[in-house]
1. Residue check: is Gln366 at negative phi, of a type outside the set (Val, Ile, Thr), modelled with pLDDT under 85 and part of a loop (DSSP other than H, G, I, E, B)?
2. Ile214: in contact with a strand residue (DSSP E or B) (Cβ under 8 Å, 6 or more places away or on another chain), within 16 Å of the ligand (Cβ to nearest atom) and open to solvent by less than 20 Å² (accessible area, probe 1.4 Å), yes or no?
3. In the range 394-404, is there at least one residue being farther than 30 Å from Gln159 by Cα and within 29 Å of the chain's Cα centre (by Cα)?
4. Residue by residue through the range 370-420, note down the ones that are open to solvent by 50 Å² or more (accessible area, probe 1.4 Å) and within 15 Å of Gly465 (Cα to Cα).
5. For the range 141-155, enumerate the residues that are buried (at least 21 other Cβ atoms within 10 Å of the Cβ) and assigned to a loop (DSSP other than H, G, I, E, B).
6. With the requirement that a residue be touching a Lys or Arg at 6+ places or on another chain (Cβ under 7 Å) and in contact (Cβ under 8 Å) with a residue 60 or more places away in the chain, what does the range 271-301 give you?
7. Looking at the range 369-426 only, could you name the residues that are basic (Lys, Arg) and under 16 Å from Glu460 (Cα atoms)?
8. Which of the residues spanning the range 164-178 are part of a loop (DSSP other than H, G, I, E, B) and farther than 21 Å from Ile214 by Cα?
Amino acid sequence: VAKLFKKETADVIKKLLFLGMMATINQEIDTDAIELLGGEYNIEVEVRAPRDEEAEDMLVEEEDPSILVNRPPVVTIMGHVDHGKTTLLDAIRETKVTATEAGGITQHIGAYQVEINNRKITFLDTPGHAAFTTMRARGAQVTDITILVVAADDGVMPQTVEAINHAKAANVPIIVAVNKIDKPDANLDRIKQELTEHGLVAEEWGGETIFVPISALKKQGIEELLEMILLVSEMAELRANPDGRPRGTIIEAQLDKARGPAATVLVQNGTLKVGDIVVAGMTYGRVRAMVNDRGRRVKEAGPSAPVEIIGLSDVPHAGDQFVVYDDERKARALTEKRSNKLRAAEMGAQTRVTLDDLYKQIQEGQVKDLNVILKADVQGSVEALRGALEKIDIAGVRVRVIHQGVGAITESDIILATASNGIVLGFNVRPEPNAGKMAESEKVDVRLYRVIYTAIEELEAAMKGMLDPEY
Ligand code: GDP
């Protein structure tokens, strides 16, 4: 694409990043992405080739609005640690499930459904925004409503703010459950005041956010909270076609010793039935059995229903989307095509540039410029380091600073390094915990320095093949 557009590859990759696509130099991008890029560069793009069959299959078909019916909302509970998320999930389950069904045993399958006023609500059973974001990173949007739990005796904490930002980024409405109101030092108004600063203004204060005071421990306010969920879901007009092509998202999956791969899926459209051929991420199979959240065997599951399915050939990932095929051969072919693509991507990842084998990669012609993402504690250091780095020229290989900034090394720095096959240099800064983990899994070389001179020296040594290996 870069050649076609007569642009620098790194520039195209950067543009893609700004468009929200994590692309690497040897990755296929679809025609939609190329059209978007064309828009960015003011180049007219005409797509002539037939579109990818796989992409077509994953495309959510436009359903005729007249056949759509209401579906239950899917709710995720988020909030700071110890504010009562797990207690709330248990309280809802106990008040609504065990009580109404004589001897009903709830089974942990990663999600459960409750009924109130003859209407259902689906809860995802993994509290916290980690699961939420992992799924979103895989392109899955399953949550319709977020319950933000804030302890009335503790107030807005860092993870509260993170949860708000995650929900906002996903455009998911938030209901605030002010928990632990049974405590003597609980202060509802203080919570409302604190959340105002994060854009959540209570209805009674002229805003649009619903606040429900609850005690998850004493099971107070649970009914009110559920009613508010129904109210918000009505406004959101959540609809699906129970007769459409079944599709949805993997919520959880593991290998069961006796039954083989078991996956909890959330059906988002259509009705999933025993016997259906399902493709999920890199795996496929015929649904042999389905179990609902009450541990009962069921024959079918409609929109917003969580069920555990048995019959996939392998364990899919949480966040993978599934879709039903009527042809087993086609399902297998698609799965194979996907794993080939993944293998190709992994091969790409293995040739990622690192200082330790930079010299070898230069010799082999794999690296022509060393792409660097530069982070430092103050702007002055950024400028000084950049100036010094860009003076390096060893046997025609130069250092190119493709991004620079002040502050800790973030996930987006790592993404950029992955996408442009570069390394990250930190000067008096450290990676944020998530960025550190990501760098490890993506095999991005992150180097931290305190002295500019050391950084320059090490880079030069690496380019000449004279760097002492790190142990
Ligand atoms: P999580 O980390 O957000 O899942 O929080 P937990 O549900 O594990 O709750 C943390 C602690 O707060 C536990 O000791 C709970 O018993 C307690 N807790 C949760 N809800 C309430 C409540 O409504 N009132 C009181 N007093 N304690 C609660």
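The values are calculated or read from the model by the stated rules, or taken from the named source; none is laboratory data. Here the structure is a predicted model, which is why all the values come from computation and not from measurement. With ideal geometry, Cβ positions are generated from the backbone for all residues, glycine too; neighbour counts draw on all protein chains shown. Note: areas computed on protein heavy atoms with side chains; ligands, DNA, RNA excluded. Shrake-Rupley method; radii C 1.70, N 1.55, O 1.52, S 1.80 Å.
1. Criteria met by Gln366.
2. yes
3. Looking for residues that are farther than 30 Å from Gln159 by Cα and within 29 Å of the chain's Cα centre (by Cα), one finds at least one in the range 394-404, hence yes.
4. Answer for the range 370-420, where residues must be open to solvent by 50 Å² or more (accessible area, probe 1.4 Å) and within 15 Å of Gly465 (Cα to Cα): Asp393, Ala395, Gly396, Arg398.
5. Val142, Thr143, Asp144, Ala152
6. Correct list: Met282, Val291.
7. Arg386, Lys391, Arg398, Arg400
8. Ala170, Asn171, Val172, listed by residue number.
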